[in-house]
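All remarks here apply to the structure that follows.
The values are calculated or read from the model by the stated rules, or taken from the named source; none is laboratory data. What you see is a predicted model, and the numbers here were worked out from it, not measured in a lab. Heads up, the Cβs are rebuilt from the backbone with ideal geometry, glycines too, and the neighbour counts pull from every protein chain shown. These area figures cover heavy atoms from the full protein model, side chains too; ligands, DNA and RNA do not enter into them. Shrake-Rupley method; radii C 1.70, N 1.55, O 1.52, S 1.80 Å.
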Amino acid sequence: MNKENSAPELSIVFPCLNEEASLARCLSAARRTCQQAGVSFELVVADNGSTDNSIEIARAEGARVVPVKQKGYGSALHHGILAAQGTYVAFCDADGSYPVEFFTEMWKQIKCDQVDLLLANRLIAPMEKDAMPFLNRYAGTPVLSALIRWLFSFPVYDCNSGMRIMRRDKYEALGLKHTGMAYASEMLCASAIKGLSYKECPMSHFSKDSRGGRPPHLNRWRDGWAHLCVIIKMFWESKKEGKK
């Protein structure tokens, strides 16, 4: 937090598991862009058991480290967001693929449009070659997004985008439980069920990750199936609740 004894306007949360190759650049970019925009902010690193130098790097860059014992992308983000103190909480991966500098533009837009949740869409943004696998870009993400639109009447077009900002006071009521990658779809389905206002904006650009060739945490088939199961399950549960 850059103002002593005052709650920040914006919290930026990074889930982290051994991201020493890219974390410093993400945190530095986030701090610089917030300072340039004149927004009060805090940087939060939700560490999921890193064994490299990620924790030391986070602290050196002025971030607050939140240890998260339960493994998984969703678990890390969930506890990082719960620990956030800002009026708005923004989050994205710490692998260097997302344009962290774009967060202040998203912060301005969510305030201007007065929506609860704003997502940065990768699919309609300039994208570096090989930044997203072909099947993910042209099959998996569009199909899952279309399913959410159809079942929940929620205007989602990039359900797997990890770059989002939302009102912090709306988060806990979503009751999110998924610990893995399907947390991303669970958040959107829960937002639809709870009646949160939602909008997407084009991401400024999307890049290849900068972790030096280390395999991604994402497993295409396992995580894609998990997304599908979460979407279908939440739809049927919402229908059952509606009939009571």
State all residues of region 163-187 that are within 11 Å of the chain's Cα centre (by Cα) and either at pLDDT below 95 or hydrophobic (A, V, I, L, M, F, W, C) (or both); if no residue qualifies, say none. M163, I165, M166, M181, A184, M187
Residues satisfying the stated conditions in region 1-39, i.e. modelled with pLDDT of 95 or more, of a type in the set (S, T, Y) and out of contact with any Gly (no Cβ under 8 Å at 6 or more places or on another chain): S28, T33
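Condition check ((1) among the polar types (S, T, N, Q); (2) open to solvent by 10 Å² or more (accessible area, probe 1.4 Å); (3) in contact (Cβ under 8 Å) with a residue 12 or more places away in the chain) across all residues:
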| position | (1), (2), (3) |
| --- | --- |
| K69 | no, yes, yes |
| G72 | no, yes, yes |
| S75 | yes, no, yes |
| L82 | no, yes, yes |
| T87 | yes, yes, yes |
| P99 | no, no, yes |
| F103 | no, no, yes |
| W107 | no, yes, yes |
Determine, yes or no, whether A21 is of a type in the set (A, V, I, L, M) and over 14 Å from C92 (Cα atoms). yes
Taking helices (runs of 4 or more DSSP H) that do not extend beyond region 72-161, which have at least 2 residues that are polar (S, T, N, Q)? 103-113, 141-152
Considering only region 137-176, how many residues are among the polar types (S, T, N, Q) and either touching a strand residue (DSSP E or B) at 6+ places or on another chain (Cβ under 7 Å) or surrounded by fewer than 16 Cβ atoms within 10 Å (Cβ to Cβ) (or both)? 2
What number of residues within region 89-129 are in contact with a Ser or Thr (Cβ under 7 Å, 6 or more places away or on another chain) and of a type in the set (F, W, Y)? 2
A21, sole failed condition from (1) without any contact (Cβ under 8 Å) to a residue 60 or more places away in the chain; (2) in a loop (DSSP other than H, G, I, E, B): (1)
Is it the case that region 164-176 has a residue that's closer than 18 Å to A94 by Cβ and part of a strand (DSSP E or B)? yes
In the set D130, D116, the lone residue that is farther than 23 Å from S191 by Cα, in contact (Cβ under 8 Å) with a residue 60 or more places away in the chain and either open to solvent by less than 60 Å² (accessible area, probe 1.4 Å) or in contact with a Lys or Arg (Cβ under 7 Å, 6 or more places away or on another chain) (or both) is D130
